[in-house]
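Working notes for the structure below.
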Amino acid sequence: MKETKIDWAESTWNPVTGCNHGCAYCYARNIARRFSSGGVLKYGAGVVLNDPVIIDGKKAAYPYGFKPTFHRYRLREYRESKGRNIFVCSMADLFGEWVPDSWIEEVFNECLAVPQHNYLFLTKNPERYIQLAKKGLLPSGDNFWYGSSVTGPKDNYAWFAKDYHWFLSVEPILADLGEMDPEAQKPEWIIVGAEMGRRIRKVVPAPEWIEKIRFQCAKYDIPLFMKSSLAGICPVPLIQEFPEKLN
């Protein structure tokens, strides 16, 4: 069952929302503002919500706007669902430095309790994966996939992933990523997409940036998923591959 417009996932699940990175191209911040039910509440003791917040008779999806919030009442949303690929916290960076370990542990515990799904995570802070792994808090099952989000060659995305499924999301691609280090561990999957929205300084990727990623994926036998946002930009038909274990 397809429940999201995100090309590479069948569902999104947001027990934690909000982010402090402040990326200029962020689509999620605008969504949070749009669906804050007419106004953003003052951020205080309600950082953890055991029940939904009702504003003007309606359940507010983002009562604190884009400020980090743990919606504990959402944890069990996929308990009874058939197995699918779920993008966890599409409206947050679950592994931002501002997110307590306890929030992450509760999300992981729910994932472990509902093993029929594949859980895909993304962060701009992959060092947090390392920290959690060293504490014994990072699950390593076949249905846990840990992604690093990058936009250009200066973004840090590498982390030791020997015992974990690791993928790379290059979205939006804002610069030429260059060549992969032949000696470095390679991700199991690469997703690439263009910037969406109407930002005044929106970057339209050069076709050669995309072609270089496509060539690198072919060279190292890495499945490549080119998002529909690249249609009309990429000089070749879009490739939309999944790793074998996510099919």
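Couple of notes before you dig in:
- Crossing angle, helix 207-219 versus the chain [Cα axis fit, 0-90 degrees, rounded to tens]: 80 degrees
- Positive-end ranking of Leu112, Val16, Pro205 along the dipole of the chain, with charges on Cβ about the Cα centre, is headed by Val16.
- Nearest-20 debye value, the range 1-140 charge dipole, Cβ charges on Lys, Arg, Asp, Glu: 320 debye
- Gyration tensor (alpha-carbon) shape descriptor, the range 116-176, a/c threshold 1.5: oblate
- Helix content alone sets the calculated 222 nm mean residue ellipticity of the chain: runs of n ≥ 4 DSSP H residues at -39500 (n - 2.57) each, divided across all residues, give -5000 deg cm²/dmol.
- The range 47-101, accessible area per residue, ligands and nucleic acids excluded (1.4 Å, Å²): 47 Å²
- Normalised contact order of the chain, rounded percent, pairs of Cα under 8 Å and 6 or more residues apart: 15 percent
- Other residues within the sphere of radius under 12 Å centred on the Cβ of Ser140, judged by their own Cβ, net out at -1 (K and R +1, D and E -1).
- Backbone N under 11 Å from the Ile31 label point (7 Å along Cα→Cβ), restricted to the range 54-70: none
- Helix 101-113 axis, angle to the chain major axis (alpha carbon atoms, nearest 10°): 80 degrees
- Computing Cα extents along the principal axes in Å for the structure here picks out one of [x] 52, 47, 30; [y] 47, 46, 31; [z] 53, 43, 33, namely [z].
- With the simple model of a label 7 Å out from the Cα in the direction of the Cβ, Ser102 to Asp142 spans 3.6 nm.
- Of the solvent-accessible surface of the range 1-136, computed with a 1.4 Å probe over protein heavy atoms with every protein chain present, carbon and sulfur atoms account for 51 percent.
- Residue-count net charge about Ser102 - beta-carbon cut-off 15 Å; Lys, Arg +1, Asp, Glu -1: -2
- Normalised per residue, the accessible area of the range 171-247 is 58 Å², obtained with a 1.4 Å probe and no contribution from ligands, DNA or RNA.
- Over all other residues within a Cβ to Cβ distance under 12 Å of Pro207, the charged ones net out to -1, with Lys and Arg as +1 and Asp and Glu as -1.
- 32 Å Cα-Cα threshold exceeded, pairs from Lys162/Lys202; Lys212/Lys245; Lys134/Lys212: Lys162/Lys202; Lys134/Lys212
- Expressed as a whole percent, the accessible surface of the range 175-247 that belongs to carbon and sulfur atoms is 53, based on a 1.4 Å probe.
The values are calculated or read from the model by the stated rules, or taken from the named source; none is laboratory data. A quick note: this is a predicted structure, and the numbers were derived from the prediction, not measured. As a convention, Cβ positions derive from the backbone with ideal geometry for all residues, glycine included, and neighbour counts pool all protein chains shown. Note: areas computed on protein heavy atoms with side chains; ligands, DNA, RNA excluded. Shrake-Rupley method; radii C 1.70, N 1.55, O 1.52, S 1.80 Å.
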